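Q: Sharing a structure with you now.
Only the coordinates and a few stated rules stand behind these numbers; no lab work does. Everything numeric here is computed off the predicted structure, so don't read it as measured data. Every residue, glycine as well, gets a Cβ built from its backbone with ideal geometry; the counts of neighbours run over all protein chains shown.
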Amino acid sequence: MKANIFGAGLLIASIAGGANAASTIGLAEDAPVDPATGISLPAGFKATVFADEIGQARHIFAAENGWVYVALRRPVDGNGAVALNDSDGDGVADNREYFAAGMQGTGVAVHDGHLYYSTDVAVMRWPLPAAGAPEGDATIIAEGFVPETQHASKNIDFDESGNLYVNVGAPSNACMREMRKKGSPGMRPCPLLEKYAGIWRFDAAKPNQDQMADGHRYSTGIRNGLAMAWNPHADALYMAQHGRDQFASFFPEMFTNEQSAELPSEEFHRLSDGYDAGWPYSYYDHEQGKRMVMPEYGGDGKTESNEGETPLVGFPGHWAPNDMLFLNGDAMPEAYQKGAFIAFHGSWNRAPLPQQGYRVVYVPLDADGNVSGDWVTFANGFAGPDPVMSPRNAKHRPMGLAEGPDGAIYISSLMSGGRVWKVTYEGN
Amino acid sequence: MKVTNLVAAAALAAAAAGPSLSQDNPGKAGYEAHCAVCHQYDGGGVPFMQPELFARPRANGPKGGVIDMIMLGSKAPGAGQGEYSNEMPGFDFLSNEEIAAIATYVRTNFENNGGPVTADDVKSRR
């Protein structure tokens, strides 16, 4: 609940500060929800429901050709992606073209004139069409990823030197010898680190690269870095990872339900070549501000670990960071131009306490990529008006983020048939 | 909305009440200790990740279905065929009595009417 305090504090500061109000960012916890869109935004921002009932939307990309491309978790009429276009500029898409026949996936992005798309086992691309859906067969760029079900999404992004980055999540909770079994110890060395639990780097243009033969393990110790984006201002890859589940159910003698709801942190890291974020040997505790030994590896909730890098920010446990966005343009207020937007899908592992985190937050960063202020909530209300005691009751859950060529921010949700919002800044 | 709030309040009250439940209803206590973290206290599961338990054929069919599911998890016959991404571990380390109590709780709650399961039923599936 630190977010509440920060959010309220900033708002109060803005009122008291008068002339400084323009530099205030974020959204109060009790900000009213716009009934037309179902979400709340800071003053000056406006949303439209850009597209509704499109299918289980995963990541999205708003291309320079004016089309918004959406990857789908499950096919719609046999297609694993959809292209959307708003031809009359009213903020609502009036054209839909489904594509990626026979596939389903999470990653989608445009880079160097190509539309990239990822299934759980491959990354591929088409030449970016002038409009609508791509045609013909895609060219496979990266492949050889082991088919899995847990943490299997292969989200992607690019640097400005021709490299493709692919997240390869760990099909595991804490690298226990027996999967999610109470009392089963962690394996050391964790064999999953060889092929999973990291970010792999590839040549963005070279066809048919194999993960292990051709890919480079850029960063490791990342349980599932589903929120990953290149920061164009600081020229570095940033990532927010899903922390492990089930402290209280596996270690009730060490963690209360309250502690297990808040811990471990969802970690926000600035990556580099060779970076190790610590999973499965350690986790971050944002309340103590320390990395701790994972209980499967001898930890007790109190013992510090020297394994893994300290994150820039530790968010409350189980919020599930599912996408990250840095803005390239200047359509949004200056205070939002250099930091990280993170879409939190919302928790399922905080029961019996209410589930939390169904929101988009903003982490202020300076031009060098250093955290320059407390994180704030940017968009909220997705789950609905009541406390979420069971995740199935969340109406919407933020999933993907994108910036349009006009500077608008797009937010996707895969719930309730799938929806995309378009957020613009209208000023005061 | 009121219903949800009441459910929320009830769930919080149940959480606060904690271990006292185990004396009254070992099936509920076992479910909450081992199952609810994924399938949720209300049996609602987690969309796309863990199945809901409402009105499930397995919980209304032959006794062996739920027993196998608890003992073997995703390795149980016919399991893991759905659209859910997480794997379920086996709980074969629990006693026959504990598994029977949980199986009975699942088969007689969450809109299921499969009926009770005994420790001997569990033993016969080992």
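Q: Using the count of nearby Cβ atoms within 10 Å as a rough guide to exposure, how do A:271, B:72, A:226 rank from fewest to most? List each step's numbers first, then the result.
A: Values: A:271 22, B:72 17, A:226 28.
Neighbour counts put them in this order, fewest first: B:72, A:271, A:226.
Q: Let me ask something additional. How crowded by other chains is A:168-180, given as the mean number of beta carbons from other chains within 10 Å of each beta carbon?
A: Details: counts 0, 0, 0, 3, 1, 3, 0, 0, 1, 0, 3, 7, 8.
Average per residue, whole number: 2.
Q: Quick one: order A:108, A:388, A:92 by neighbouring beta-carbon count within 10 Å, fewest to most.
A: So the ranking, lowest neighbour count to highest, is A:92, A:388, A:108.
Q: In addition: Give the average, rounded to an integer, of partner chain Cβ atoms located within 10 angstrom of each Cβ in B:41-48.
A: Per-residue shielding by partner chains comes out at 6.
Q: Could you check how many percent of all C-alpha pairs in the stretch A:344-428 are farther apart than 17 Å?
A: Here the long-distance tail beyond 17 Å is 56 percent of all Cα pairs in the stretch A:344-428.
Q: So for chain A, if I pair up every lysine 8 or more residues apart or on another chain, how many of those pairs have alpha-carbons under 30 Å apart?
A: Total qualifying Lys-Lys pairs in chain A comes to 29.
Q: Please find the FRET efficiency linking residue A:94 to residue A:426, where r is the Cβ-Cβ separation and R0 is fixed at 25 Å, and quote it to the nearest 0.05. Could you put the intermediate results ahead of the total?
A: Values: r = 22 Å, r/R0 = 0.86.
Using R0 = 25 Å, I get an efficiency of 0.70.
Q: Please arrange B:63, A:422, A:290 by how many other C-beta atoms lie within 10 Å of their C-beta, fewest to most.
A: Listed from fewest to most nearby Cβ atoms, that is A:290, B:63, A:422.
Q: Once label points are set 7 Å from the Cα along Cα→Cβ at both residue A:36 and residue B:92, what is their separation, rounded to one decimal in nm?
A: 6.0
Q: Something else now. State log₁₀ I(q)/I(0) for the protein assembly as shown at q = 0.06, 0.08, 0.12 Å⁻¹ as given by the Debye formula over alpha-carbon point scatterers of equal weight, solvent excluded.
A: Log10 I(q)/I(0), no solvent term: -0.29, -0.52, -1.19.
Q: What is chain A's relative contact order, in percent, from Cα pairs under 8 angstrom and six or more apart in sequence?
A: Working: 1189 pairs, mean separation 68.4, N = 428.
Across chain A, relative contact order equals 16 percent.
Q: Running a GNM on chain A with Cα contacts under 10 Å, which residue among A:138, A:343, A:227 ends up with the highest mean-square fluctuation?
A: A:138
Q: Using just the helices of the protein assembly as shown, give the 222 nm mean residue ellipticity in deg cm²/dmol: DSSP H runs with n ≥ 4 each add -39,500 (n - 2.57), and the total is spread over all residues, rounded to 500. Numbers along the way, then the final one.
A: On the way: 12 runs with 96 residues, N = 554.
Helix-only estimate at 222 nm: -4500 deg cm²/dmol.
Q: Relative to the compact globular guide of 2.2 N^0.38 Å, what is the alpha carbon radius of gyration of the stretch A:124-215, as a ratio? Mind showing how you got there, number by number?
A: Numbers: Rg = 16.5 Å, N = 92, 2.2 N^0.38 = 12.3 Å.
Cα Rg divided by the expected 2.2 N^0.38 Å: 1.35.
Q: Send over the semi-axes of the stretch A:51-121's equivalent ellipsoid, whole angstrom and largest first, taken as the square roots of 5 times the C-alpha gyration tensor eigenvalues.
A: 19, 15, 9
Q: Which distance in nm do the two modelled labels at residue A:235 and residue B:24 give, with both placed 7 Å along the Cα-to-Cβ direction?
A: Calculated label separation equals 6.5 nm.
Q: Could I ask something else about it? Cut-off under 13 Å on the C-alpha distance; same-chain residues fewer than 8 positions from residue B:63 excluded. Which aspartates and glutamates are left, in chain and number order?
A: Counting by Cα, and skipping residues close in sequence, residue B:63 has these aspartates and glutamates nearby: B:120, B:121.
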